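The values are calculated or read from the model by the stated rules, or taken from the named source; none is laboratory data. Note that the coordinates shown come from a computational prediction; the quantities given were computed from them, not determined experimentally. Reconstructed Cβ throughout: ideal geometry from the backbone, glycine too, with neighbour counts over all protein chains shown.
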Amino acid sequence: MAEAILNQPHFQDADKAREHLEALRWPHGPVCPHCGSVRKPLKLEGKSYRPGLFKCNDCYEQFTVTVGTVFERSKIALNVWLQAVHLMCASKKGISAKQLERLLGVSYKTAWFMSHRIREAMTSESASPLGGPGSSGIVEADETYWGNTGKQRNGARGYDHKMKIVSLVERDGEKRTYHVANVTAATVRPILKSQIDAKARLMTDEAAVYTKVGREFSGHGVVKHGAKEYARGDINTNTVESSFAILKRGLNGTFHSVSEKHLQRYCAEFDFRWNTRQSQGYSDTDRATEALKGITGKRLTYRRIGEQQAPFNV
């Protein structure tokens, strides 16, 4: 039975949205974002105070459920924020800011800003290495490129700037993607060493960047694409290549143009949906709930969004 989603109260009413977010962020009662106190705060009520305002009994600072989150100081109604989160989580290949503009009834600039804040909430902070105990023990690694080759008016080749992306996918598990300045052994090795358990089996194609680092894992399976080999037993890179197909369909078909400045956030968005996909037991509602759990401690200002996100560095 299909879920009835956007007609639910917390998508239609700002107070219901606040209560919904409070229940997610504070399942055991309000926590002061300023000092971390869990002692029951004073709830400020009356015409002089906005709904959901508390005063900490330890540091005496005032706060609401949005303080210290990507929603802080936003003038957009909280139920509209929750609609945007759900739409981004439910769209397999992403949803453009122009589409959010139309659906939410906000300006394009606002929709663009909202979508980047939500991508920030989707960014994973997982520290456990891929392929560790309790997993399949197999991690696939591959690289891909994003960007267009410019052409001069006479048809001659112009600039050629392909942005480089490296992805690691644990079979039946998590995916992590990194925008890198260049795909070389020197740039790829630190990613693999910091993100993959040494006892895991690494699966790659025959690219030379993986040859030496592959020896540092318990096994290194190489599939020879140049010889039209795509699988040999369990040695293949089909999972990571499938994830690239979804990423590129989104970048090409939904967003059309993504600058290098913002590429890492878009990659994080697609990683998030991959890691919370249906085969992992997540519904659209579960996925949106996970995104809302990630809003804390990730305040993102308009100026910060405009800053260049550096490629992966150790």
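Might you check whether a residue that is in a helix (DSSP H, G or I), modelled with pLDDT of 95 or more, more than 28 Å from residue 122 (Cβ to Cβ) and of a type in the set (Gly, Ala, Ser) occurs anywhere in region 255-269?
no
Against the definition (surrounded by 14 or more Cβ atoms within 10 Å (Cβ to Cβ), at pLDDT 95 or above and among the small types (Gly, Ala, Ser)), how does residue 23 come out, yes or no? Quick ask: steps written out before the conclusion?
Values: surrounded by 14 or more Cβ atoms within 10 Å (Cβ to Cβ): no; at pLDDT 95 or above: yes; among the small types (Gly, Ala, Ser): yes.
It is false that residue 23 is surrounded by 14 or more Cβ atoms within 10 Å (Cβ to Cβ), at pLDDT 95 or above and among the small types (Gly, Ala, Ser).
Considering region 272-314 alone, what residues qualify as being under 26 Å from residue 260 (Cβ atoms), in a helix (DSSP H, G or I) and either modelled with pLDDT under 95 or aromatic (Phe, Trp, Tyr) (or both)?
Of everything in region 272-314, those that are under 26 Å from residue 260 (Cβ atoms), in a helix (DSSP H, G or I) and either modelled with pLDDT under 95 or aromatic (Phe, Trp, Tyr) (or both) turn out to be 272, 274, 302, 303, 304, 305.
Any idea which of 188, 209, 183, 240 is closer than 16 Å to residue 138 by Cβ and among the aliphatic types (A, V, I, L, M)?
240
For region 36-67, give me each residue that is closer than 18 Å to residue 14 by Cα, touching a Ser or Thr at 6+ places or on another chain (Cβ under 8 Å) and surrounded by 15 or more Cβ atoms within 10 Å (Cβ to Cβ).
Residues satisfying the conditions are 52, 53, 54, 66.
Could you look through region 223-248, keep only residues that are assigned to a helix (DSSP H, G or I) and farther than 15 Å from residue 167 by Cβ, and pick out the one that is nearest to the chain's Cα centre (by Cα)?
Residues of region 223-248 that are assigned to a helix (DSSP H, G or I), as a first pass: 225-227, 238-248.
Next, from what is left, pick out any that are farther than 15 Å from residue 167 by Cβ: 225-227.
On the way: 225: 30, 226: 32, 227: 35 Å.
Ranking the candidates gives 225 first.
Taking region 132-158 on its own, how many of its residues are of a type in the set (A, V, I, L, M, F, W, C) and at pLDDT below 95?
Residues of region 132-158 of a type in the set (A, V, I, L, M, F, W, C): 138-139, 141, 146, 156.
Narrowing the set further to residues that are at pLDDT below 95 leaves 146, 156.
Matching residues across region 132-158 total 2.
One line per residue, one yes/no per condition, for (1) more than 20 Å from residue 114 (Cα to Cα); (2) among the charged types (D, E, K, R); (3) touching a helix residue (DSSP H, G or I) at 6+ places or on another chain (Cβ under 7 Å); (4) free of Cβ contacts under 8 Å to residues at least 40 places away in the same chain:
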site	(1), (2), (3), (4)
25	no, yes, no, no
28	yes, no, no, yes
39	yes, yes, no, yes
48	yes, no, no, yes
62	yes, no, no, yes
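Pick from region 91-134 the residues that are of a type in the set (Val, Ile, Thr) and not in a helix (DSSP H, G or I): which of them is surrounded by the fewest Cβ atoms within 10 Å (Cβ to Cβ)?
Going residue by residue through region 91-134, those that are of a type in the set (Val, Ile, Thr) are 95, 106, 110, 118, 123.
Then keep just the ones that are not in a helix (DSSP H, G or I); that gives 95, 106, 123.
On the way: 95: 20, 106: 19, 123: 15.
Among those residues, the one meeting the criterion is 123.
Condition check: assigned to a strand (DSSP E or B) and either in contact with a Leu (Cβ under 9 Å, 6 or more places away or on another chain) or at pLDDT 95 or above (or both). Does residue 166 satisfy that? Give the steps one after another, and end with the answer.
Numbers: assigned to a strand (DSSP E or B): yes; either in contact with a Leu (Cβ under 9 Å, 6 or more places away or on another chain) or at pLDDT 95 or above (or both): yes.
Here the answer is yes, as residue 166 does meet what is asked.
Restricting to region 169-203, give me the number of residues that are charged (D, E, K, R), more than 15 Å from residue 126 (Cα to Cα), touching a residue at least 40 places away in the same chain (Cβ under 8 Å) and not in a strand (DSSP E or B).
2
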